[in-house]
1. Of the residues ASP79, ASP89, ASP66, only one is modelled with pLDDT under 90 and surrounded by fewer than 16 Cβ atoms within 10 Å (Cβ to Cβ); which?
2. Within the bounds of segment 1-15, is there any residue that is among the hydroxyl-bearing types (Ser, Thr, Tyr), at pLDDT 90 or above, surrounded by fewer than 17 Cβ atoms within 10 Å (Cβ to Cβ) and assigned to a strand (DSSP E or B)?
3. Would you confirm whether any residue within segment 30-49 is surrounded by 14 or more Cβ atoms within 10 Å (Cβ to Cβ), at pLDDT 90 or above and of a type outside the set (Lys, Arg)?
4. In the list ILE97, ILE101, which residue meets the criterion of being at pLDDT 90 or above, in a strand (DSSP E or B), over 19 Å from GLN47 (Cβ atoms) and not basic (Lys, Arg)?
5. Can you pull out the residues in segment 66-112 that are in contact (Cβ under 8 Å) with a residue 24 or more places away in the chain and among the β-branched types (Val, Ile, Thr)?
6. Residue by residue through segment 50-62, note down the ones that are surrounded by fewer than 15 Cβ atoms within 10 Å (Cβ to Cβ) and either of a type outside the set (S, T, N, Q) or at pLDDT below 75 (or both).
7. Out of everything in segment 16-33 that is among the aromatic types (Phe, Trp, Tyr) and either over 18 Å from the mean Cα position of the chain (by Cα) or not in a loop (DSSP other than H, G, I, E, B) (or both), what residue ends up being farthest from ARG44 (Cα to Cα)?
Amino acid sequence: MFTLSCPRCRKNSYSSDEEFFHACPYCGFKFSGRYGSDRRLKERIKQEIPFGFYCKEQLFEASTIDSSEKGLAIRIFGDPSVAVGDTIDLPIGDIQIRAKIMWVNKVSDKSMIGLQRLN
């Protein structure tokens, strides 16, 4: 359990996750204990959609975490050799998404990746 201090009202709240963006229960301000204030202009839609994709001739299982008009976050199972600035193509549902990697957070056997949509 993590104690999170809201950057706006300075009141403390508790969460089991310090990475994801949550609304402060007191003032409604969206922030993450790890990343600070939410800088996205458009609202994120939390939706987990499993999919598979190829990266350097290797198949990886992944799922979306959340998405907005201009970007999305995904969780990849395994350790793909990707870096910030790389461009990848993802078949998510019936949509083919081309995206630029903005950040990578590797945790043991999975990675979380923030992407900027290019199409």
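The values are calculated or read from the model by the stated rules, or taken from the named source; none is laboratory data. Every value quoted in this text rests on a predicted model; they were computed, and no experiment measured them. Glycine gets a Cβ as well: all are built from the backbone with ideal geometry, and neighbour counts include every protein chain shown.
1. ASP79
2. Among the residues of segment 1-15, not one is among the hydroxyl-bearing types (Ser, Thr, Tyr), at pLDDT 90 or above, surrounded by fewer than 17 Cβ atoms within 10 Å (Cβ to Cβ) and assigned to a strand (DSSP E or B), which makes the answer no.
3. yes
4. On the way: ILE97 fails: over 19 Å from GLN47 (Cβ atoms).
None of the other options fit; the residue is ILE101.
5. ILE74, ILE76, VAL82, THR87, ILE88, ILE92, ILE97 - these are the residues of segment 66-112 that are in contact (Cβ under 8 Å) with a residue 24 or more places away in the chain and among the β-branched types (Val, Ile, Thr).
6. At the first step, the residues of segment 50-62 found to be surrounded by fewer than 15 Cβ atoms within 10 Å (Cβ to Cβ) are 50, 52, 54, 56-59, 61.
Within segment 50-62, PRO50, GLY52, TYR54, LYS56, GLU57, LEU59, GLU61 meet the criteria.
7. Start the filter on segment 16-33 by keeping residues that are among the aromatic types (Phe, Trp, Tyr), which leaves 20-21, 26, 29, 31.
Add one more test, that the residue is either over 18 Å from the mean Cα position of the chain (by Cα) or not in a loop (DSSP other than H, G, I, E, B) (or both), and what stays is 26, 29, 31.
Details: TYR26: 20, PHE29: 14, PHE31: 12 Å.
In this case the residue turns out to be TYR26.
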